[in-house]
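I have placed the structure first, in the form of structure tokens, so that the comments after it can refer back to it.
The values are calculated or read from the model by the stated rules, or taken from the named source; none is laboratory data. Predicted model only: the values in this text are computed from it and were never measured. Neighbour counts are summed over all protein chains in view; Cβ atoms, including those assigned to glycine, are modelled from backbone coordinates with ideal geometry. Only protein heavy atoms, including side chains, enter the accessible area calculation; ligands, DNA and RNA are left aside. Shrake-Rupley method; radii C 1.70, N 1.55, O 1.52, S 1.80 Å.
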Amino acid sequence: MFMKGTPEEPMCGFSAKAVEVLNNGKIKFESFDVYSDEDVRAGVKEYSKWPTIPQIFINGKFIGGADILVELAGKGELKKMTGG
Amino acid sequence: MITAEEIKEKIEKSIPNSRAEIINEKNDGMHFKAIVRSPFFKGKELVEQHRMVYSALEEELKRKLHSLSIETGEI
């Protein structure tokens, strides 16, 4: 997940929400703080054609942002996608 | 600043036959939630549906719209 801040200290509500969903689902993830590198922040938006942060990738596939993560978790699809 | 009405107009103009409900979540003119329904979403992945909403607001997202939550569905 590309996020603002870290899982321990998210710097925006949407990033915090995404961390919460992943933690609740006991899903292991790695994160990158886009505030630590402006090139990555711009680059990931370009790469995924998605204008906002956080961005969640599962096994290399772009899934979406926090709202989509919440929706997938609610439908139980997130577990399937992460092999749980 | 941007108003809920402006966001609604942009989305409904951009996505065919869509109906958008915009909630100013904290009543501060900053945090918005867009609930968008369109028959055009049928068969499209959530990522694509959300991209269509973002694309309607491309310019706004660069400048005056900093927090937008999106919920999409078919009509």
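Within the bounds of the range B:5-15, is there any residue that is open to solvent by 80 Å² or more (accessible area, probe 1.4 Å) and at positive phi? Looking for residues that are open to solvent by 80 Å² or more (accessible area, probe 1.4 Å) and at positive phi, one finds none in the range B:5-15, hence no.
Scan the range A:18-40 for residues that are out of contact with any helix residue (DSSP H, G or I) (no Cβ under 7 Å at 6 or more places or on another chain) and in a helix (DSSP H, G or I) and the total you get is 9.
So in the range B:28-42, with the set limited to residues that are in contact with a strand residue (DSSP E or B) (Cβ under 8 Å, 6 or more places away or on another chain) and not in a loop (DSSP other than H, G, I, E, B), which one is farthest from B:S18 (Cα to Cα)?
Pass one, the range B:28-42, residues in contact with a strand residue (DSSP E or B) (Cβ under 8 Å, 6 or more places away or on another chain): B:30-38, B:41.
This time we only want the ones that are not in a loop (DSSP other than H, G, I, E, B), so: B:31-37, B:41.
Details: B:H31: 21, B:F32: 18, B:K33: 16, B:A34: 12, B:I35: 10, B:V36: 7, B:R37: 5, B:F41: 9 Å.
Per the criteria, the residue is B:H31.
Among the residues of the range B:55-71, those that are within 9 Å of chain A (Cβ to nearest Cβ) and either of a type in the set (D, E, K, R) or touching a strand residue (DSSP E or B) at 6+ places or on another chain (Cβ under 8 Å) (or both) comprise B:L57, B:E58, B:L61, B:K62, B:S67, B:L68, B:S69, B:I70, B:E71. If B:K26 satisfies all but one of (1) over 16 Å from B:G73 (Cα atoms); (2) of a type outside the set (A, V, I, L, M, F, W, C); (3) touching a residue at least 40 places away in the same chain (Cβ under 8 Å), what's the number of the condition it fails? Only one criterion in (1) over 16 Å from B:G73 (Cα atoms); (2) of a type outside the set (A, V, I, L, M, F, W, C); (3) touching a residue at least 40 places away in the same chain (Cβ under 8 Å) is unmet by B:K26, namely (3). Number of residues in the range A:12-54 that are touching a residue at least 40 places away in the same chain (Cβ under 8 Å) and open to solvent by less than 60 Å² (accessible area, probe 1.4 Å): the value is 11.
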